[in-house]
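The values are calculated or read from the model by the stated rules, or taken from the named source; none is laboratory data. It should be emphasised that the depicted structure is a prediction, and the values quoted were computed from it without experimental measurement. Positions of Cβ are backbone-derived with ideal geometry, glycine not excepted, and every protein chain shown enters the neighbour counts. The area values use the complete protein model at the heavy-atom level, side chains included, leaving out ligands, DNA and RNA. Shrake-Rupley method; radii C 1.70, N 1.55, O 1.52, S 1.80 Å.
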Amino acid sequence: MSGKVLILGGTAEARALAAELHDDGTPVISSLAGRVARPRLPEGDVRIGGFGGADKLADWLREHDIAAVVDATHPFAERISASAAQAAPAAQIPIVRLERPGWTAQPGDDWRRVNDLDEAAAAITEDRVFLTSGRQGLPAFAGLARPWFLIRCVDPPEPPLPPKHQVLLDRGPYDLEGERALMERHGIEVLVTKDSGGDHTAPKLQAARERGIPVIVVDRPARPDMPIVTTVDAARAWLS
Ligand code: NAP
């Protein structure tokens, strides 16, 4: 194709697609929000930071000779997806969403599905919580005085935080053995997660299953209307 592919990234799938396009010699620019202090950088060109909203993103697409946009941002990154869904058609550039499928419970699982982090906080009835829903949503749990939280996130969280907690700075992928040991060591009684999908952070679900503990799963937000593919291969097929 003539022109470049813009990948809106921040996910493993975005990095994989960038690597494949780069290896093929397709000009690709990956865009990252700049939220993480030391991001894993994709292959090919990378730009970092917000665009300044949908209109500015449309201008940026026109100015940078972008031929196609792949929105491969995280399933919970609502604002950038909404912005891209508006900007790409405005700039008359085709756009596709690359989104991995969500997780599904297995028979016997005790999953509590909720709509957002406030509902997740309200659904906690246990005393020892493994909180893996990310740094940005922690204020939703700050008012819970009774439970103790093991908070796992990539960068140090900022207040407000729940009064009883321990922070574990780490980043996936995680393995089952490690997740089992972590939950055992901290006596975890409930797991809180977003429905991120994918393999990189899924072992915690199996560890919770084996432990027989409930999982509070935050459902994905509604998505803007655009074509969607679920694999890197399908994104490449769409691009070609
Ligand atoms: P968000 O709420 O949708 O985005 C907030 C603002 O950050 C956007 O309006 C946009 O600024 C900028 N932005 C977000 N992603 C961008 C990107 N890839 N390139 C350039 N600007 C971007 O997103 P978020 O939930 O804060 O997530 C930020 C990034 O982290 C996303 O790229 C996402 O893929 C990744 N991530 C998010 C989660 C999560 O749970 N939300 C988990 C893992 C990774 P402007 O309006 O100024 O353009």
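Results, tabulated for the structure shown:
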| item | result |
| --- | --- |
| Near-label residues of region 118-151 by backbone N, under 16 Å of a point 7 Å along Cα→Cβ of residue 79 | 135-139 |
| Kirkwood Rh, Cα atoms: Rg over Rh of region 176-240 | 1.14 |
| Sparse-neighbourhood loop sites, trypsin sites (Lys or Arg not before Pro) in region 168-199 - DSSP loop, at most 15 other Cβ within 10 angstrom | 171 |
| Estimated distance in nm for a label pair at residue 115 and residue 45, the labels positioned 7 Å out from Cα along Cα-to-Cβ | 4.2 nm |
| At 0.692 mPa s and 37 °C, Stokes diffusion of region 34-102 via Kirkwood alpha-carbon radius, µm² per second | 253 µm²/s |
| Residue among 82, 181, 33 with the largest mean-square fluctuation in a Gaussian network model of the chain, springs linking Cα atoms under 10 Å | 181 |
| Rounded accessible area per residue of the chain, 1.4 Å, Å² | 48 Å² |
| P(r) of the chain over all Cα-Cα pairs, binned every 10 Å from zero, in whole percent | 7, 30, 32, 21, 9, 1 |
| Quotient of C-alpha Rg and 2.2 N^0.38 Å, computed over region 81-223 | 1.14 |
| Overall form of region 1-54 per C-alpha gyration tensor (a/c, 1.5; a/b vs b/c) | oblate |
| Rounded to the nearest 10 Å², the accessible area of residue 211 at probe 1.4 Å | 80 Å² |
| Accessible surface of residue 23 - all protein chains present, 1.4 Å probe, nearest 10 Å² | 120 Å² |
| Neighbour-limited loop hits for GluC sites (Glu not before Pro), region 16-67 (at most 16 other Cβ within 10 Å; DSSP other than H, G, I, E, B) | 43 |
| Lysine pairs in the chain with Cα atoms under 30 Å, if 8 or more residues apart or on separate chains | 5 |
| Structure-based [θ]222 nm, the chain - -39500 (n - 2.57) summed over DSSP H runs of at least 4, per residue, nearest 500 | -8500 deg cm²/dmol |
| Euclidean distance between Cα centres, region 80-118 to region 131-184, Å | 23 Å |
| Cubic angstrom per residue, convex hull over Cα atoms of region 1-134 | 145 Å³ |
